[in-house]
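Have a look at the structure below, then the notes.
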Amino acid sequence: MSRRTREATQIPRGSFSGMHPVMVLCLTLLIAGIALIVIGAAVDGMLSLLSAGVLLLIADLLYLAARSMWRSPRRPAR
């Protein structure tokens, strides 16, 4: 494979190039939940958006907490 072909087939490096795809999804859901909460609180009569944002935020934070517990090493103290 020539150098030109390799350069053409490489994926461009963006701001999330070093992050795991699940973490990108979690950050996106966190931002979306916060945005829904802000819009639901600012606009009169948008209580459903506010509650959806709160539920999304709670679900995402619970997933991140559970994921960090699953990945923590279970080593005995020395």
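Under 12 Å from the Cβ of Val22, count the other residues' Cβ atoms, weight Lys and Arg +1, Asp and Glu -1, and hand me the total. Residues near Val22 contribute +1 overall. Sequence-ordered 3J(HN,Hα) estimates for the range 26-37 from the Karplus curve with 6.51, -1.76 and 1.60 and θ = phi - 60° stand at 5, 5, 5, 5, 4, 5, 5, x, 5, 5, 5, 5 Hz, glycine and proline given as x. Backbone phi angles across the range 48-60, fed through the Karplus curve with coefficients 6.51, -1.76 and 1.60 (θ = phi - 60°), yield HN-Hα couplings of 5, 5, 4, 5, 5, x, 5, 5, 5, 5, 5, 5, 5 Hz in residue order; Gly and Pro are listed as x.
Throughout, read-outs are computed from the coordinates displayed, never taken from laboratory work. All figures in this text were calculated on a predicted structure; none of them were measured in a lab. Every residue, glycine as well, gets a Cβ built from its backbone with ideal geometry; the counts of neighbours run over all protein chains shown.
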